[in-house]
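First up is the structure itself, then whatever we jot down about it.
All of the numbers you see were taken from the coordinates with simple rules; none came from a lab. Just so you know, these numbers come straight off a predicted model, no measurement behind them. Every residue, glycine as well, gets a Cβ built from its backbone with ideal geometry; the counts of neighbours run over all protein chains shown.
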Number of protein chains: 2
Amino acid sequence: MEATAPTAGAGANGSLAPAPARAQVGPPTNPMATALLTDQYQFSMAYAYWKAGKHADRAVFDLYFRKNPFGGEFTVFAGLEECVRFIANFKFTADEISFLKSVMPICEDAFFDYLRGIDCSDVEVYSIPEGSVVFPKVPLMRIEGPVAVVQLLETPFVNLINYASLVTTNAARHRHVAGKSKVLMEFGLRRAQGPDGAISASKYCFMGGFDATSNVLAGHLFGIPLRGTHSHAYVSSYMSLTEIPDRTLRNKDGSRICKDFVSLVQEWLHKIQAVDSLSCVFGDTNQSELAAFASYALAFPSNFLALVDTYDVMRSGIPNFCAVALALHDLGYKASGIRLDSGDLAYLSIQARKVFQAIEKEFNIPCFGKMIITASNDLNEETIDALNKQGHEVDAFGIGTYLVTCYSQAALGCVFKLVEINSRPRIKLSEDVAKVSIPCKKRCFRLYGKEGYPLVDIMIRESEPSPKAGERILCRHPFLESKRAYVVPQHVEELLQCYWPGSSNKPRAELPSLEKIRSRCMQQLEKLRPDHIRRLNPTPYKVSVSGKLYEFIHYLWLNEAPVGELQ
Amino acid sequence: MEATAPTAGAGANGSLAPAPARAQVGPPTNPMATALLTDQYQFSMAYAYWKAGKHADRAVFDLYFRKNPFGGEFTVFAGLEECVRFIANFKFTADEISFLKSVMPICEDAFFDYLRGIDCSDVEVYSIPEGSVVFPKVPLMRIEGPVAVVQLLETPFVNLINYASLVTTNAARHRHVAGKSKVLMEFGLRRAQGPDGAISASKYCFMGGFDATSNVLAGHLFGIPLRGTHSHAYVSSYMSLTEIPDRTLRNKDGSRICKDFVSLVQEWLHKIQAVDSLSCVFGDTNQSELAAFASYALAFPSNFLALVDTYDVMRSGIPNFCAVALALHDLGYKASGIRLDSGDLAYLSIQARKVFQAIEKEFNIPCFGKMIITASNDLNEETIDALNKQGHEVDAFGIGTYLVTCYSQAALGCVFKLVEINSRPRIKLSEDVAKVSIPCKKRCFRLYGKEGYPLVDIMIRESEPSPKAGERILCRHPFLESKRAYVVPQHVEELLQCYWPGSSNKPRAELPSLEKIRSRCMQQLEKLRPDHIRRLNPTPYKVSVSGKLYEFIHYLWLNEAPVGELQ
């Protein structure tokens, strides 16, 4: 995609910062993530700032969220790399400037000269590493720079983080409920919210612990393993076995050719229909289906996986599948398994497993009983949990709609709040305490306990000394006076790292590969105390501020809030 | 975007069909909507079809949905233009072919030569016009062509139609509940599912009846009117009035210059604070806010609209706004209004209106009472309905998260089913009757009654004569024997039109402008009987098949379904 992205190339690199660091950063995955991808009011404000000579005022914004999604007590942070790509390529084209002029005719020409000149060379971005487990109120990112420029970044950053973090978290939750041993495949392309809704879903579901996707473009862009066999339409496109013109199949080691694979399949079908222990298999199977399976096996003898529910799973799909799989076995191939896309998945998977095991025993075919059973009908966290409770024999889940659209909560609700301008801390008040922002340019730390679990996150003012391992520190709830605790951390991790140094000379943290971010996510979830992750009544993880920051918040709050008057 | 789209240009045009018709169709709006944007299993099937020599079998697929979304009884069809753009540019690049080779190493080289050669020059697409009101089971699109090619289109078509139709329908529902006189603005960019989730949302919300968007890129791409003023951060970025360096403002007719606009604002603030009837206005207002408003008005004197809830709507925001608006009025300008983004919107809008009306009366400022009140806090169909029931003074709604993510139902669930192959009708059975597909290549009609309302949609086999105005026709429920009715339509509308003639010489229906599609949508909704649209217990619209098609469905059903056996 690189060659086609409108913002590719070196033109967007700032002149002040070290060029090599920038040059590594490619354009956003979605070529539509350009500088115009923002809210109109960011331009109105930019103009008002510019008119007042305030546009270069140095502002610090925090990007954070207020509540964990899906009724859980954790979130996985994702979308950072796309944000860095966005700012690395942030620059208005001549065409974009003319468009802005046309929609803001009231603005002076010199303002558009200013817009033409801006990039992110004077913006600094600090962030928690992508794939980290994160919690409400703690800044995921801290963005500093000229107020007018940073405001223009608000909307695209929130857009790029919101869905990425939401769907990664959703994937991680599905992984948690399915267990480590199951294969999870993301099948959401057709039900995702538009093309890059789908592409993002594939990327971030992989990050959150999925193993593969059906989305070929996502496989191409991100190297995610691809999975997919055939649909019901493939099965019903066949009418009978006469539609298979070439029935020959060379056996696996190449030593000989079976001249009539179809007859071999038919022989096996008769044999298994004669086995008493396979009580579910009797009568005629559907011939369209048998033809489709045989034909598919001729194309993919080494990884034959069949969708068995087009007509009737137990009376047609399973015996037809077994006949083809046994014929393949005669030629040295090992069939992969089946997919169930309707009906009672717990029951059908158990029945199918019994048939496979009976065949293994009856015909002495090792491993036939271990055939992979894939399930894929409107699955989500709840249905997988229900399957687990009932007992099932599913090895792999294909999950689409509920996963990628985040059906149970379709947005994360990230916010982007001004916390300091020209070194003066700012607070955003609200009658709803949960919506009051935590002012000041801050540093954030995760404090770990003896058992290696994270105990609490703490935010401090930038000027305060960092917490140290082995030293007692007071951690206070940001708003509730009585909630506070002393903590002696065994280990201290600073959360915000510099991903975009702007005109500073700070070293820039690497943007790791998708595989590495995925591993980080898995490791972080494993390190978390299990009660924070469990589905039912999880324990909230604690987020705190230092004593000094607590006092400052409350000083500012009282200072800004009007005194009420009851009438 | 055209210049940057990877599939732009003439290369994708087929050689068989008339070139001029094709050349009109630009690339998909999202450059990522390329031929690789499909499920892996479409390629597995393509290979199996190709191996069996079946890839060119002529197949007919229907794209339809099974249930109207949001608990309603209507859906608006959208996404057609993007599908046509997709197929007009459908072609694999050399890079894409190498990628496919790498992930399907088992496939013969000649298969990739075949893939390299395919395009949609032999595919025919019939569709209901975009922006039409549509109902479950009736094909929105009928796609005919070589089975392997049409299968490759399944996933992108369903992807492009699903969210487009869902969010257009959601927008139309919001318009219905808000009423025609209100201004509706789509503010969803930051909460949408990724960049083009947002861009699609803006486009399709406009189509469904919204008036404007905040999304600047969508404004650029589609010409949708843009709206947006300032945020809470803008307000809190100011500390005091001393931060306004240039206080001069030329009056509207240019005749004179006010040297100190800020003092004028302060004078007005004192005046209104002295008015007894403005009982809600007393004490000091927030000076940061006053400075921000004054500064914003200096930048936008002709369309001053202020966000009034950063500190306290009635004690600070409203009096500060009024002071600035009155100062502007002295100089010949007319302020636009306010935006409320928190709190009790019904109560606050009513209180704000009272203040504006009191000021109109007190200072004899015509129209001050009609100041626009915009509301924008987590709004959706239900909250607008609740506001209507309480009574409110909101003139304009800014709607984001719930609208664009389709929070109450995040996917439409379109399907793409094989209905005929090589002229042989096919049916997809299911134990769930609602999931049985309606076989055969069909034509579809909407029958209108005397009062101009649509009465029923009817599907017939292609070979049957069309229904005619004034002639009695039997309309049957597709599955339930007892449900049938004779209809004498006053007017008959054929629903499926040819949008892509493939190698046929059929005339191609025009792709209308977004404005025209929007008008079609509004007109279609107005033509529908109100009980189909109402929010509470809407009446289902009837969808039927001809007597002949009914008989054929049931003949095929009995033929394909295995006879059960109870044990």
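The figures follow:
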{"item": "Nearest-first distances (nm) between copies at A:ASP284, label 7 Å from Cα via Cβ", "result": "9.2"}
{"item": "Whether region A:143-263 is rounded, prolate or oblate, judged on the alpha carbon gyration tensor where a/c under 1.5 counts as rounded", "result": "prolate"}
{"item": "Shape call, region B:169-212: gyration tensor on alpha carbons, a/c limit 1.5", "result": "prolate"}
{"item": "By average C-beta atoms within 10 angstrom, highest first, the peptides A:447-453, A:40-46, A:51-57", "result": "A:40-46, A:51-57, A:447-453"}
{"item": "For region B:229-372: Kirkwood Rh in Å [reciprocal of mean 1/r, alpha carbons]", "result": "14.9 Å"}
{"item": "Peptide A:26-34 - average C-beta neighbours from other chains (10 Å radius)", "result": "5"}
{"item": "B:ARG250 long-range amide H proximity, modeled H, under 5 Å", "result": "B:CYS258"}
{"item": "From the C-alpha gyration tensor of chain A, square roots of 5λ in Å", "result": "55, 29, 19"}
{"item": "Inter-part distance where region A:131-201 and region B:320-343 are each reduced to a Cα centre, Å", "result": "39 Å"}
{"item": "Debye log10 I(q)/I(0) for the protein assembly as shown, one point scatterer per Cα, at q = 0.07, 0.09, 0.10 Å⁻¹", "result": "-0.70, -1.11, -1.32"}
{"item": "Radius 14 Å from Cβ of B:HIS554, net charge of other residues (Lys, Arg +1; Asp, Glu -1)", "result": "+2"}
{"item": "Karplus-derived 3J(HN,Hα), 6.51/-1.76/1.60, for each residue of region B:149-165, Hz, glycine and proline x", "result": "6, 5, 4, 4, 7, 3, 5, x, 4, 4, 4, 6, 8, 3, 6, 4, 5"}
{"item": "Residue-wise HN-Hα coupling along region A:185-197, computed from phi with Karplus coefficients 6.51, -1.76, 1.60 (Hz; x: Gly, Pro)", "result": "10, 8, 10, x, 3, 6, 10, 6, 8, x, x, 8, x"}
{"item": "Peptides ranked, highest mean first, by Cβ atoms within 10 Å: ranges A:243-249, A:300-306, B:314-320", "result": "B:314-320, A:300-306, A:243-249"}
{"item": "Shape of region A:387-484, Cα gyration tensor, a/c cut at 1.5", "result": "oblate"}
{"item": "Summed side-chain charge close to A:GLY332 - residues other than A:GLY332 whose Cβ falls under 13 Å, Lys, Arg +1, Asp, Glu -1", "result": "+2"}
{"item": "Rounded to 5, percent antiparallel among DSSP beta bridges of chain A", "result": "70 percent"}
{"item": "Computed magnitude of the charge dipole of chain A (debye, nearest 20; Cβ of K, R +1, Cβ of D, E -1)", "result": "1460 debye"}
{"item": "Shortest-first distances to equivalent copies, position A:PHE479, nm, label 7 Å out along Cβ", "result": "5.0"}
{"item": "Length released on extending from B:GLU526 to B:LYS252, taking residue separation times 0.36 nm less the Cα-Cα span", "result": "94.5 nm"}
{"item": "Averaged over B:48-55, number of beta-carbon atoms from partner chains that fall within 10 Å", "result": "6"}
{"item": "Label-point separation, A:GLU431 to B:ALA485 (7 Å along Cα→Cβ), nm", "result": "4.9 nm"}
{"item": "Exposure proxy order (Cβ contacts within 10 Å, fewest to most) of B:MET207, B:MET141", "result": "B:MET141, B:MET207"}
{"item": "Protection proxy ranking, peptides B:195-203, A:524-532, average beta carbon neighbours within 10 Å, highest first", "result": "B:195-203, A:524-532"}
{"item": "Kirkwood hydrodynamic radius (C-alpha pairs) into Stokes-Einstein, region A:493-549, 37 °C and 0.692 mPa s, D in µm²/s", "result": "222 µm²/s"}
{"item": "Per-residue HN-Hα couplings for region A:72-83 [Karplus 6.51, -1.76, 1.60; θ = phi - 60°; Hz; x = Gly/Pro]", "result": "x, 10, 8, 9, 9, 7, 8, x, 4, 4, 5, 5"}
{"item": "Sum of side-chain charges, B:LYS483 neighbourhood, beta-carbon under 13 Å (Lys, Arg +1; Asp, Glu -1)", "result": "+2"}
{"item": "FRET efficiency for A:THR93 and B:LYS506, using Cβ-Cβ distance with R0 set to 35 Å, rounded to 0.05", "result": "0.30"}
{"item": "Inter-chain shielding of A:299-310 (mean C-beta neighbours from other protein chains, 10 Å cut-off)", "result": "3"}
{"item": "Relative contact order %, region A:229-394, counting alpha carbon pairs below 8 Å whose residues are six or more apart", "result": "21 percent"}
{"item": "Teacher prompt: A:TYR114 distances to equivalent labels in other copies, 7 Å Cα→Cβ, nm", "result": "6.2"}
{"item": "Burial ordering of A:CYS498, B:CYS440, fewest other beta-carbon atoms within 10 Å first", "result": "A:CYS498, B:CYS440"}
